[in-house]
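Here the structure is laid out as structure tokens; the discussion comes afterwards.
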Amino acid sequence: FTPAQANATLPLVRRIVSDILQRGRELRHLTEGPMAATAHARVGALQAELAGLFEELEQIGCSYKDWGFDLGLVDFPAEIDGRAVLLCWRSDEPRVEWYHSPEAGFAGRRPIPTPLLADVPRPEGSGETSPPG
């Protein structure tokens, strides 16, 4: 992905990640502490729904990375300066503006070099120069 290509997928990725976060949080709630017998069927259904949503992201070419279902992290494979990297987006960010090496993960996020963002449109009404991170 280029930053522009990753950002072009965000309308669909946002919807999928929203569904993942909703189902993941419900699953987490159901599995914390003792589980009622009736909850077992719902847990299985949620796990199947999540697997389908993860597959939708994989079909787009990106992958979900937030197994605590708190941040909604998605990585897009890319290349910067001839190195394999992952463009990194968090569900509360307006656009993809960060990357990290495959080894560094979210903690190693760095801003995508400005020249690579030149063809990435800013969301309407956004006065931000960079997202929080």
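Against the longest alpha carbon principal axis of the chain, how many degrees, from 0 to 90 and to the nearest 10, is the axis of helix 39-60 turned?
20 degrees
Tally Lys/Arg at +1 and Asp/Glu at -1 over every other residue whose Cβ is under 15 Å from the Cβ of S18; what's the total?
-3
Please compute P(r) over all alpha-carbon pairs of segment 1-106, binned at 5 Å starting from zero, and give each bin as a whole-number percent.
Per 5 Å bin, starting at 0, the Cα pair percentages come out as 2, 13, 22, 21, 16, 11, 7, 5, 3, 1, 0.
Of the listed peptides 65-78, 103-116, 45-58, what is their order by residue-averaged count of other C-beta atoms within 10 Å, with the highest listed first? It would help to have the intermediate numbers written out before the result.
On the way: 65-78: 17.5, 103-116: 13.1, 45-58: 14.6.
Output ranking for 65-78, 103-116, 45-58: 65-78, 45-58, 103-116.
Would you mind calculating the relative contact order of the chain from Cα pairs under 8 angstrom and at least 6 residues apart, reporting the percent as a whole number?
23 percent
With a point put 7 Å past each Cα toward its Cβ, work out how far S101 is from D119 in nm, to one decimal.
Once both label points are built, they end up 2.7 nm from each other.
Residue separation times 0.36 nm, minus the C-alpha to C-alpha distance between W67 and H29: what's the value?
Numbers: separation 38, 0.36 × 38 = 13.68 nm, distance 1.36 nm.
This chain segment gains 12.3 nm when fully extended.
Using a 1.4 angstrom probe on heavy atoms only, work out the carbon and sulfur share of the accessible area of segment 1-95 in %.
Solvent-exposed carbon and sulfur of segment 1-95 make up 54 percent of the total.
Across segment 2-9, in residue order, what do the Karplus-derived ³J(HN,Hα) couplings come to in whole Hz, using 6.51 cos²θ - 1.76 cosθ + 1.60 with θ = phi - 60° and x for Gly and Pro?
8, x, 5, 5, 4, 5, 5, 7
Per residue, what accessible area does the chain have, given a 1.4 Å probe and all protein chains present, in Å²?
With the other protein chains kept in place, the chain gives 55 Å² per residue.
The values are calculated or read from the model by the stated rules, or taken from the named source; none is laboratory data. Because the structure is predicted, anything quoted here is derived from the model rather than measured. Reconstructed Cβ throughout: ideal geometry from the backbone, glycine too, with neighbour counts over all protein chains shown. When the accessible area is computed, the model is the full protein with side chains, heavy atoms only, and any ligands, DNA or RNA have been set aside. Shrake-Rupley method; radii C 1.70, N 1.55, O 1.52, S 1.80 Å.
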